[in-house]
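Worksheet: the structure to be examined is printed underneath.
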Amino acid sequence: MTRQAIIALRCLILASIGPGFSGSACHAAPTNPLHWNKGRGYAPFSHATPNGLRIVSNTDAPIADSCRLQTSPESFVLSFRAAARSSWGVFLSPDSGDKIWLTLAFEEIPDMLSSAPALTVKASRGSDGKILAEKKIREGVDLAGGKNVWRISSERGRISLLAGHRGLVPVFSFPVSGNSLSSFGFAVAPQGCLEIDNISLIPSVGRPAPFHASSPEEIEDSINHADDPLLGHWTVFDRSLDEELLRLGGDYRVAIVDDGENYVMIYEGGAKVNASEWKKGMRKAVLTPSLFQGIYSVVWTDAEGKEISHDIKAQIDPEDTLSIQFPYHSSVVRLRKIQHR
């Protein structure tokens, strides 16, 4: 991205967050996820279409669209799909501290014989334009202007960026201050077109203290001395995932035990994402009985150790299967019981 394009996008964003900007507020508590997709619509973005955001600049001025949040999550994951062949950017405005810019541009990198396409990604600080991180991506993303998935996570004073066409790969990570998010948005450079869809903003909490069963014998004792169909050893049977919103971190094997108040799902193996951090005996989920027989509210610990819980339900199905439904991720994972004594 040229210096002129970066300056143009920066000026646009500074103007867009001023008193004259007409962005709408998204009313949600910081613990509630927000999703904009074809089913739920794209209000309150001003460039909304039935299928996503389409931000077009037909002049020499850049164009932006943004969303103000009624409350500011301290930690969050922002993900979306984007397609563009021109320079574009994402901006994150905290409720205190410096604004963060992520600018992206396609370019041709020459070599001795010809040239190869690449995507240059830069993170910069709003107050002085200081570059916080920079990388040229040559593989793993669609470099022909097709849609790529982008995932921005902010936790413990650090922002991490992942991207990909078929699977997410790390781009870079950098420290920040004042990262409670009050608004975010997208911008496209002059004479450019940017298409965005499947936007999710998921507030998150830090990694919980790991739960460890005292011994394998304790697990077996809990399973063997109760006549309860939920207790036992389970493994992933099948799944129906919207992989732009949820990716399963492995073919998990777990045990479900009764702790006297709730059911605890204990990790036994199968992790592929962050496998070295998952130890046998750690808590994978907590299932709380609901008012309806055989249906449980779930607090699920994802592959990165973050707890998610919004409307996640588990239900015992026939033939010793357990369905875990993630409605805000449009996904279902089924477990099959592999041992019950």
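Overview of values
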{"quantity": "Search result, residues across region 132-165 that are assigned to a loop (DSSP other than H, G, I, E, B), under 21 Å from the mean Cα position of the chain (by Cα) and closer than 20 Å to PHE186 by Cβ", "calculated": "VAL141, ASP142, GLY146, LYS147, HIS165"}
{"quantity": "Tally of residues being among the basic types (Lys, Arg) and either closer than 17 Å to SER87 by Cβ or in contact with a Ser or Thr (Cβ under 9 Å, 6 or more places away or on another chain) (or both) across region 109-146", "calculated": "4"}
{"quantity": "Residues of region 263-287 satisfying the condition of being assigned to a helix (DSSP H, G or I) and open to solvent by 60 Å² or more (accessible area, probe 1.4 Å)", "calculated": "SER276, GLU277"}
{"quantity": "Qualifying residue in region 251-262 (condition: touching a Lys or Arg at 6+ places or on another chain (Cβ under 7 Å), farther than 30 Å from VAL169 by Cβ and in contact (Cβ under 8 Å) with a residue 40 or more places away in the chain)", "calculated": "no"}
{"quantity": "Residue list for region 316-338, restricted to those being open to solvent by 60 Å² or more (accessible area, probe 1.4 Å) and under 21 Å from HIS233 (Cα atoms)", "calculated": "PRO318, GLU319, ASP320, GLN325, ARG334, ARG336, ILE338"}
{"quantity": "Flag for SER290 being in contact with a strand residue (DSSP E or B) (Cβ under 7 Å, 6 or more places away or on another chain), without any contact (Cβ under 8 Å) to a residue 24 or more places away in the chain, open to solvent by 50 Å² or more (accessible area, probe 1.4 Å) and under 21 Å from VAL332 (Cβ atoms)", "calculated": "no"}
{"quantity": "Residue in region 314-323 that is under 19 Å from the mean Cα position of the chain (by Cα), part of a strand (DSSP E or B) and without any contact (Cβ under 8 Å) to a residue 60 or more places away in the chain present", "calculated": "no"}
{"quantity": "Residue that is surrounded by the fewest Cβ atoms within 10 Å (Cβ to Cβ), among those in region 303-315 that are over 14 Å from VAL254 (Cβ atoms) and modelled with pLDDT under 90", "calculated": "ASP311"}
{"quantity": "Of the criteria (1) part of a loop (DSSP other than H, G, I, E, B); (2) in contact with a strand residue (DSSP E or B) (Cβ under 7 Å, 6 or more places away or on another chain), which one GLY129 fails", "calculated": "(2)"}
{"quantity": "Top-ranked residue of region 242-262 - restricted to ones that are at pLDDT below 90 and assigned to a strand (DSSP E or B), ranked as farthest from LEU231 (Cα to Cα)", "calculated": "GLY250"}
{"quantity": "In region 273-304, the residues that are within 17 Å of TRP234 (Cβ to Cβ) and basic (Lys, Arg)", "calculated": "LYS280, ARG283, LYS284"}
{"quantity": "Conditions (1) hydrophobic (A, V, I, L, M, F, W, C); (2) open to solvent by less than 20 Å² (accessible area, probe 1.4 Å); (3) out of contact with any strand residue (DSSP E or B) (no Cβ under 6 Å at 6 or more places or on another chain): number failed by ALA43", "calculated": "(2)"}
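Residues are listed down the side, and each one gets a yes or a no for (1) small (Gly, Ala, Ser); (2) more than 21 Å from the chain's Cα centre (by Cα); (3) crowded, with 19+ Cβ neighbours inside 10 Å; (4) at pLDDT below 95:
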{"position": "SER96", "(1), (2), (3), (4)": "yes, yes, no, yes"}
{"position": "TRP101", "(1), (2), (3), (4)": "no, no, yes, yes"}
{"position": "LEU104", "(1), (2), (3), (4)": "no, no, yes, yes"}
{"position": "GLU108", "(1), (2), (3), (4)": "no, yes, no, yes"}
{"position": "SER115", "(1), (2), (3), (4)": "yes, yes, no, yes"}
{"position": "THR120", "(1), (2), (3), (4)": "no, yes, no, yes"}
{"position": "GLY126", "(1), (2), (3), (4)": "yes, yes, yes, yes"}
{"position": "GLY129", "(1), (2), (3), (4)": "yes, yes, no, yes"}
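The values are calculated or read from the model by the stated rules, or taken from the named source; none is laboratory data. In this text, all values refer to a predicted model and were calculated from it rather than measured experimentally. Virtual Cβ from ideal backbone geometry, glycine too; neighbours counted across all protein chains shown. Just so you know, the surface numbers come from the protein's heavy atoms only, side chains and all, with ligands and any DNA or RNA stripped out. Shrake-Rupley method; radii C 1.70, N 1.55, O 1.52, S 1.80 Å.
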